[in-house]
Amino acid sequence: MNKVFLKTFGCRTNIYDSQIMAQNLKDFVLVENEAEADIVVVNSCTVTNSADSSARSYISGLQKAGKKVILAGCGAISKGESLLADGKVFGVFGHSEKSNINSLLKRETPFYEPGDLESIDETIVEDFASRTKAFIKIQEGCDFSCSYCIIPSVRGHARSQDETKILEQVAKLAANGYGEFVLTGTNIGSYGKDTGSSIAKLLQRMSLIRGVRRIRLGSLEPVQIDEAFMELLDEPWLEKHLHIALQHTSEPMLRIMRRRNALARDLALFETIAEKGFALGTDFIVGHPGETEEIWEEALTNFRRFPITHIHAFTYSRREGTHAATLSGTVNGKVAKARLKILEAIVAENNYRFRQKYNRNLEVLVEEQKGTLQSGYDQYYNRIYLDSKLDLQKEWVHIEAAKVTEEGNFAQVA
């Protein structure tokens, strides 16, 4: 039997999609080392130029090693046809074709199967190889039209997974020993808008399943956090960390970016949630066309007011086919990187102060070995390093008090 290696780039949604592929491979041997593989399936990301470059570089290396390369993921939609035409890959398949991977990999001639952008996954994932937590994709696609984003064109419009199937999947994974569940999707806050449900209703139903210990959410949009969701903030099973995508903190810039959020409302929301003891993460784009020095200074002043403890900030990446690609007022790359570092430094200091305040009664799911220490994340999504002679992998550990340094949290477990 031919051996297959799955290489996953990008977000948690891609991690989930790779698991669907793995579960549908019936006539191949799945290996954990690409050197052993005859076929490498590249589940690619295309959110930025850097993501595209990483996938292309990886594919070039595989070609030199004589591997048969199959391209999947978001990059299959945006770059697949050209990579196939150039002979860089043997085959290409889109998101809707994941469950057909077994038959596609049997093909003896090059193929291009982009599929459609309307499908919903049918596979029920029952296990996650080499992972301590389970990823649950609850929806696909996005109806927002942010100026900079290519994702709606490669993932399609927002559509929700069937709630019964989601709950069935969670129940099976919980029965298989998983206690932490990470909800993922392209725009998870839109869950249920097309089915008469909501993310709040889904969370409540998930929490009733035996074995569900902690639920973590992917990125939410500020405008999607309603009263029903706010009522869940005191529930013990909800991770005390939310990632709420601001993208910017200048009102004029939010309009240029075609965002639906508004500065005053965002700040009030963050302050309310922070008062409940939550760590708060966000996305932020610097260097978007139109980000003048005046706008940047306004944004920076406003940003300092937000209780942000985690950040996924990146410099603007021009994507063909997006509104932002047509705009003037580009920002010098060095200037954008300098702005990025300022934001990261502010959040690092915020996070340090937060960890000093919330360093007791930590619930840690141990995930991996880091040198002589073991590590995992607490309920605030802060990494903690554990010194112990015990093998704590995949175990839940209660930490009475952690030693807090700028580098991280540390504790000893007897």
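The values are calculated or read from the model by the stated rules, or taken from the named source; none is laboratory data. In this text, all values refer to a predicted model and were calculated from it rather than measured experimentally. Cβ coordinates were reconstructed from backbone atoms using ideal geometry, including for glycine residues, and neighbour counts include every protein chain displayed.
Would you check which residues across region 348-381 are part of a helix (DSSP H, G or I) and surrounded by fewer than 19 Cβ atoms within 10 Å (Cβ to Cβ) and list them? Spell out how you get there, then give the answer.
Kept after step one, since they are part of a helix (DSSP H, G or I), are these residues of region 348-381: 348-357.
Correct list: Ala348, Glu349, Tyr352, Arg353, Gln356, Lys357.
Does at least one position in region 45-53 carry a residue that is closer than 30 Å to Phe181 by Cβ, in the same structural domain as Lys26 (by TED's automatic domain parsing) and more than 23 Å from the chain's Cα centre (by Cα)?
To start, the set of residues in region 45-53 that are closer than 30 Å to Phe181 by Cβ comprises 45-48, 50-51.
Of the ones still in play, those that are also in the same structural domain as Lys26 (by TED's automatic domain parsing) are 45-48, 50-51.
Next cut, more than 23 Å from the chain's Cα centre (by Cα) only: none.
Within region 45-53, none of the residues are closer than 30 Å to Phe181 by Cβ, in the same structural domain as Lys26 (by TED's automatic domain parsing) and more than 23 Å from the chain's Cα centre (by Cα).
How many of the residues in region 278-321 are at pLDDT 95 or above, under 23 Å from the mean Cα position of the chain (by Cα) and outside any strand (DSSP E or B)?
So the count comes out to 9.
Which ones in region 82-120 are of a type in the set (Asp, Glu), within 23 Å of the chain's Cα centre (by Cα) and over 14 Å from Asn43 (Cβ atoms)? Full working, then the answer.
In the first step, residues of region 82-120 are kept if they are of a type in the set (Asp, Glu); the result is 86, 97, 108, 113, 116, 118.
Next, only the ones that are within 23 Å of the chain's Cα centre (by Cα) stay: 97, 116, 118.
Those that are of a type in the set (Asp, Glu), within 23 Å of the chain's Cα centre (by Cα) and over 14 Å from Asn43 (Cβ atoms): Asp116, Glu118.
Looking at (1) part of a strand (DSSP E or B); (2) of a type in the set (A, V, I, L, M, F, W, C); (3) under 19 Å from Cys149 (Cβ atoms), can you tell me which one Met253 breaks?
(1)
Would you check if Thr326 is in contact with a Gly (Cβ under 8 Å, 6 or more places away or on another chain), at pLDDT 95 or above and assigned by TED's automatic domain parsing to the domain that holds Phe278?
Details: in contact with a Gly (Cβ under 8 Å, 6 or more places away or on another chain): no; at pLDDT 95 or above: yes; assigned by TED's automatic domain parsing to the domain that holds Phe278: yes.
When the stated conditions are applied, Thr326 does not pass them.
Conditions: (1) surrounded by fewer than 15 Cβ atoms within 10 Å (Cβ to Cβ); (2) under 26 Å from Val212 (Cβ atoms); (3) touching a His at 6+ places or on another chain (Cβ under 8 Å); (4) not small (Gly, Ala, Ser). Asp143 meets all but one. Number of the miss?
(2)
Before we move on, is Phe128 outside any loop (DSSP other than H, G, I, E, B) and closer than 28 Å to Thr48 by Cβ? Reasoning before the result, please.
Values: outside any loop (DSSP other than H, G, I, E, B): no; closer than 28 Å to Thr48 by Cβ: yes.
So Phe128 fails the test.
Can you name the residue in region 28-71 that is hydroxyl-bearing (Ser, Thr, Tyr) and over 14 Å from Val89 (Cα atoms) and, of all such residues, is surrounded by the most Cβ atoms within 10 Å (Cβ to Cβ)? Lay out the reasoning, then the answer.
Filtering region 28-71 down to residues hydroxyl-bearing (Ser, Thr, Tyr) leaves 44, 46, 48, 50, 53-54, 57-58, 60.
Those left that are additionally over 14 Å from Val89 (Cα atoms): 46, 48, 50, 53-54.
Numbers: Thr46: 23, Thr48: 18, Ser50: 12, Ser53: 10, Ser54: 16.
Here the answer is Thr46.
Could you check region 37-82 and list, in sequence order, the residues that are out of contact with any Leu (no Cβ under 9 Å at 6 or more places or on another chain), of a type in the set (A, V, I, L, M, F, W, C) and more than 20 Å from Gln19 (Cα to Cα)?
Val47, Ala51, Leu62, Ala65
Could you please let me know if Thr272 is within 29 Å of Leu202 (Cβ to Cβ) and out of contact with any Pro (no Cβ under 6 Å at 6 or more places or on another chain)? I'd like the intermediate steps shown before the answer.
Working: within 29 Å of Leu202 (Cβ to Cβ): yes; out of contact with any Pro (no Cβ under 6 Å at 6 or more places or on another chain): yes.
Yes: the conditions hold for Thr272.
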